[in-house]
Amino acid sequence: MNSKKPGAWRLFSATLGVLAAGVFGATPAQAVVPVVKTVPWVATHPQIPHSTYPGRAIRLKGTSSQQGANFQYSWDFGDGAAPAVGVVSDMNAIEASHTYVGPAGQVWSARLTVTDLSTGQAASRTYYVEMKAKSLEVEANVAIDEGLWYLHKTQFRSPGVCSDCSNWQQGGAASLGYHGVTAANLNAFMVNGHQVAGSADNPYTDTVTRGMRFLFTQLSVRGIGVQADGVNGGTYNPDVNGNGLSIYNAQNEGYQTGMLLSTIVASGTPNALAPSGPANVIGRKYIDIAQDIVDNISYCQYDSPFGGGWYYTCNGYNDNSISQWMAIGILGARSFGALLPQNAGTLKPNVVPEWNKVWLRSSQVAPNPPNYDNGAGYFGYQGGSHVWGPYAVTASGMVQLVMDGIGRGSSPVGGPSWEGAETFMRENWGNDLIYPGNPYYSIKDYYYGLFSFTKAMLLHDPDGDGVPNPITCLRSFKHDTDKRPSDWYGAELGKIDGCNGLLATSNGVARTLILDQDAAGYWSGHNFDGQQYPFETAWAIMMLNRTVFESGVPVAVAKAIPNPAVVGQTVTLDGADSFHQDGARSIKSWQWDFNNDGVWDATGPVVTRSFPALGSYPVVLRVTDDANPEKSATTTVMVQVSIPPLAPTANANGPYNFCPATPKWFLDGTGSVNPDQGQSEPGRPGDTIQSYAWDLNGSGQFNGASGPQPDVKAFFQGLGVGNYVVQLKVTDTTASSFPSSGMGNLSGVASAAVNVRDAGDAACAACIANLAARAKPGKIQLTWSHVAGVDSYNVYRSTLSGGPYSLIGKTSSNYATWLDSTVVNGTTYHYVVRRVAANSDELCQSNQASATAANR
């Protein structure tokens, strides 16, 4: 058995499990066994369940390898409701809508089964759903989940351009002839962690793979020549890699080349090889293709003396609507490893960003610093004209400012000015309440511009070092403004705006998008031009995920145990469930702000804290990944400090990695906490946890096992190798301890992942196999071989051979030794050691070693 240490709450779910149904009389020659897949919420961590919240109907999402009148699907929702049954008419989209009812933290194991009625062959997959308290974050996650499914369903799978490729050029609200729609939709999948290299069990892996095959066919190749140097005079050669090639999208070059480049970058795989495309594209590394696209963007910069922007055609003119796509392509390619001429290690001049500043300076209406009182600062379309209007040009200008390394505090004298543009945006941020539904005047009703603005705020880089310094609070720099800073993403009308401490006067991006989403899962109709409607779903998904071209981002997850708590009680704050959407990245640091004052008070995945008075305490967790540049994410857990009677907080521990050689597989609920333990009304028995009940199969019935540490090896060996979920319900004695409350006994529920491995699995092969125990008078010495790369070890002990075991200590020493000096002479003790990851998850259990201390 292997689990995380006791005391760290693991409200979690498990990876998707596979259970093959039996054959009902069919011979192998007759059998057509469907391959069933269900959509994971997190591609890199399929054990994390899809979220729902009270009153919300969600779609359960799956696919099959077979379809037709003789193939029947059944969605068992896992909560006792009647299954949804039907014919598999579209093997790429088998869905059912359902509204779950239950307490926050409850996880349901739904199951999709597809049966070949002609043979009786069937297969099934689980689909986990967790009830969450309704919040902006949870609603945004549900919106993303539904939006990606809509894009998956509307992918056109027979474009006739290449073998096994797909696009979004036909059918549905997500379609248009533009290749950029396919690029944007692929980008939306990729920034949520769904990649070509993803698991074959994830239906979206095929969606993305087919789409990328199409995308590369839409690239064109041409030669590249010298370009005018508008900054230094003369000409220069923008061909960084010296191969004489430039790559672009010919359909609508100015707009779509940057979009396709961003999608290639979002793959996160610079060394992957293009599976399709023309000569000099197919078979080449993504990074080499990206470099040739960047070379093309440099070459196509408008080469008039007042140039510096981009146009529909190469070297055509300046256009602030189009220029943002070239800028965003350059920003993404820079993080991918592609270079602008001035960064190529040659004697090439610093042209592209410097020349672009000339264009931005001439196209921005003077903001009149230092107080920006004239209300200007906006960018024009093809010059210093048009305020917001149909071209979304101010936000586009802000994206270009990011490319040029201009932000708060670094705007050059004489412009262009970040502060001027941001002031203009803040002064007009609430226009959606004045001109509702009017994209000409309201940025939040014009997704083309809203997406540009979101990109600029996320990628804000005031010193131009390539490390974003995102802006959370949108500001106006006018000295007499009544517009206070506002949380441009998270503000909710009528709720406290975290940027100013007052009630928000308008919604931020997240609430706007959630309210705008169609019941079918898509977004449409929020642009000045109907040709932009098909892009909206992808843009909305990326804005909700707060990403642009990353191949996934870190996600902070914080839990507290117990919660609620009583005054002065030690509360464990656990961020170990934080994860990364990009499977190639991991979380490297955890920081905690106990009182939401902006000061980080503690570090580490698991910390403790007590709270001195009754009330609600917002505790902020920030996690940072190992990318370069690194990325961070934050979340807030509200710790409630109240008075008894209080429900216990369950801790199902985990994740569990069970290996065949381990004699017993224990679950561990001993970390569950009853906050009012021992308290009662006068003359009544003290409140305590009286029962531990486990649901092992997702039935919703907590009758699979009982007790704080049950051995479940027989049950899970019967299921076989795979990934599962268990739930623990702990129940207290409130009814007898606090009878005047009128409450019954109170319960808490938590869940955990169970991973059943085979003997050859790397997790089992790396187990410590040479733990040894040597007895001394009054102490026992443990030794084992250190495993390279292990962060620390947890040491467990029991007086029963085979356990269950209790944690007695931990060590990060490379000497791989532990001295137990708390033994009683004459008593035999049994020990195991478990490897621990950086996030405090236990990875594998050692052999058992035993010893008996004795007097000399």
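The values are calculated or read from the model by the stated rules, or taken from the named source; none is laboratory data. The model shown is predicted, which means the values in this text are computed figures rather than measured ones. So basically every Cβ, Gly included, is an ideal-geometry build from the backbone, and we count neighbours across all protein chains shown.
Report whether or not I94 is under 26 Å from A556 (Cα atoms), surrounded by 18 or more Cβ atoms within 10 Å (Cβ to Cβ) and under 28 Å from the mean Cα position of the chain (by Cα).
Values: under 26 Å from A556 (Cα atoms): no; surrounded by 18 or more Cβ atoms within 10 Å (Cβ to Cβ): yes; under 28 Å from the mean Cα position of the chain (by Cα): yes.
Here the answer is no, as I94 does not meet what is asked.
Please pick out the residue among G598, G525 that is more than 13 Å from the chain's Cα centre (by Cα), within 30 Å of F189 (Cβ to Cβ) and in a loop (DSSP other than H, G, I, E, B). Write out each step before concluding.
Details: G598 fails: within 30 Å of F189 (Cβ to Cβ).
Criteria check complete, one pass: G525.
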Per-region count, region 140-163, residues in a helix (DSSP H, G or I) and under 29 Å from S74 (Cβ atoms): 13
Here are the criteria: (1) more than 32 Å from the chain's Cα centre (by Cα); (2) assigned to a helix (DSSP H, G or I); (3) at pLDDT below 95. Tell me which single one A714 does not satisfy. (3)
Would you check if F611 is of a type in the set (F, W, Y) and at pLDDT 95 or above? yes
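Working only within region 350-359, note down all residues that are surrounded by 18 or more Cβ atoms within 10 Å (Cβ to Cβ) and either of a type outside the set (S, T, N, Q) or farther than 17 Å from P416 by Cβ (or both). Spell out the reasoning first.
Going through region 350-359, the residues surrounded by 18 or more Cβ atoms within 10 Å (Cβ to Cβ) turn out to be 351-353, 355-359.
Those that are surrounded by 18 or more Cβ atoms within 10 Å (Cβ to Cβ) and either of a type outside the set (S, T, N, Q) or farther than 17 Å from P416 by Cβ (or both): V351, V352, P353, W355, K357, V358, W359.
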All conditions in (1) surrounded by 16 or more Cβ atoms within 10 Å (Cβ to Cβ); (2) at pLDDT below 90 are true of P629 except (1)
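For region 352-452, list the helices (runs of 4 or more DSSP H) that sit wholly inside it and hold at least 3 residues that are under 29 Å from the mean Cα position of the chain (by Cα); which are they? Outline the logic, then answer.
Details: elements: 352-363, 393-403, 418-427, 431-434.
The helices (runs of 4 or more DSSP H) meeting that bar are 393-403, 418-427.
What residue, among those in region 809-849 that are without any contact (Cβ under 8 Å) to a residue 24 or more places away in the chain and touching a Ser or Thr at 6+ places or on another chain (Cβ under 7 Å), is surrounded by the most Cβ atoms within 10 Å (Cβ to Cβ)? Working first, answer last.
First, pick out the residues of region 809-849 that are without any contact (Cβ under 8 Å) to a residue 24 or more places away in the chain: 809, 811-813, 822.
Okay, now just the ones that are also touching a Ser or Thr at 6+ places or on another chain (Cβ under 7 Å), so 811-812.
Details: T811: 17, S812: 9.
Once the filter is applied, the top-ranked residue is T811.
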Looking at I808, I780, can you tell me which residue is under 30 Å from V623 (Cβ atoms) and among the aliphatic types (A, V, I, L, M)? I808
Please go through (1) crowded, with 22+ Cβ neighbours inside 10 Å; (2) in a strand (DSSP E or B); (3) small (G, A, S) for S589 and return the number of the only condition it doesn't satisfy. (1)
Looking at (1) of a type in the set (D, E, K, R); (2) over 28 Å from A661 (Cα atoms); (3) not in a strand (DSSP E or B), find the lone condition where K729 falls short. (3)
Every listed condition ((1) touching a residue at least 12 places away in the same chain (Cβ under 8 Å); (2) within 30 Å of H45 (Cα to Cα); (3) in a loop (DSSP other than H, G, I, E, B)) holds for A200 save (1)
When restricted to P6, P40, P28, the only residue at pLDDT below 90, in a loop (DSSP other than H, G, I, E, B) and under 30 Å from C659 (Cβ atoms) is P6
Taking interchain pairs and intrachain pairs at least six residues apart, which have beta carbon atoms under 7 angstrom, with the first residue in region 310-324 and crowded, with 19+ Cβ neighbours inside 10 Å and the second part of a loop (DSSP other than H, G, I, E, B) and hydrophobic (A, V, I, L, M, F, W, C)? D319/W310; S321/A392; I322/W310; S323/W310
Residue count, region 823-856 (criterion: assigned to a loop (DSSP other than H, G, I, E, B) and under 44 Å from the mean Cα position of the chain (by Cα)): 8
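So for region 659-670 (the condition being in contact (Cβ under 8 Å) with a residue 60 or more places away in the chain, assigned to a loop (DSSP other than H, G, I, E, B) and either farther than 25 Å from L843 by Cβ or among the small types (G, A, S) (or both)), does at least one residue qualify? Write out each step before concluding.
Keep residues of region 659-670 that are in contact (Cβ under 8 Å) with a residue 60 or more places away in the chain, which gives 659-670.
This time we only want the ones that are assigned to a loop (DSSP other than H, G, I, E, B), so: 659-665, 667-670.
Remaining after also requiring either farther than 25 Å from L843 by Cβ or among the small types (G, A, S) (or both): 661, 669.
Yes, some residue in region 659-670 is in contact (Cβ under 8 Å) with a residue 60 or more places away in the chain, assigned to a loop (DSSP other than H, G, I, E, B) and either farther than 25 Å from L843 by Cβ or among the small types (G, A, S) (or both).
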Are any residues in region 274-292 without any contact (Cβ under 8 Å) to a residue 60 or more places away in the chain, more than 19 Å from V161 (Cβ to Cβ) and either in a helix (DSSP H, G or I) or among the hydrophobic types (A, V, I, L, M, F, W, C) (or both), and if so, which ones? Y286, I287, D288, A290, Q291
Residues in region 366-384 that are surrounded by fewer than 21 Cβ atoms within 10 Å (Cβ to Cβ) and not small (G, A, S) total 8
Going through region 784-813 in order, the residues found to be assigned to a strand (DSSP E or B) and either closer than 20 Å to V824 by Cα or not polar (S, T, N, Q) (or both) are Y793, V795, Y796, R797, S798, S806, L807, I808, G809, K810
Restricting the search to region 243-267, which residues are within 16 Å of R213 (Cα to Cα) and part of a loop (DSSP other than H, G, I, E, B)? N249, S267
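Sort through S298, S304 and tell me the only one that's crowded, with 19+ Cβ neighbours inside 10 Å and either of a type in the set (K, R) or in contact (Cβ under 8 Å) with a residue 24 or more places away in the chain (or both). Give the steps one after another, and end with the answer.
Numbers: S304 fails: crowded, with 19+ Cβ neighbours inside 10 Å.
Result: S298 is the single residue among S298, S304 that is crowded, with 19+ Cβ neighbours inside 10 Å and either of a type in the set (K, R) or in contact (Cβ under 8 Å) with a residue 24 or more places away in the chain (or both).
Please specify each residue of region 736-767 satisfying the condition of being outside any loop (DSSP other than H, G, I, E, B), within 15 Å of S680 (Cβ to Cβ) and of a type in the set (S, T, N, Q). Let's see the steps before the verdict.
As a first pass, look at region 736-767 and keep what is outside any loop (DSSP other than H, G, I, E, B): 736-737, 739-741, 747-756, 762-765.
Narrowing the set further to residues that are within 15 Å of S680 (Cβ to Cβ) leaves 736-737, 739-741.
Result: S736, S737, S740, S741.
Checking the conditions here, which among A602, A584, A558 is buried (at least 19 other Cβ atoms within 10 Å of the Cβ) and over 19 Å from P470 (Cα atoms)? Can you show your working first?
On the way: A602 fails: buried (at least 19 other Cβ atoms within 10 Å of the Cβ); A584 fails: buried (at least 19 other Cβ atoms within 10 Å of the Cβ).
Answer to the selection: A558.
Does A849 count as more than 23 Å from S586 (Cα to Cα), in contact with a strand residue (DSSP E or B) (Cβ under 9 Å, 6 or more places away or on another chain) and modelled with pLDDT of 95 or more?
Details: more than 23 Å from S586 (Cα to Cα): yes; in contact with a strand residue (DSSP E or B) (Cβ under 9 Å, 6 or more places away or on another chain): yes; modelled with pLDDT of 95 or more: yes.
Answer is yes for this residue.
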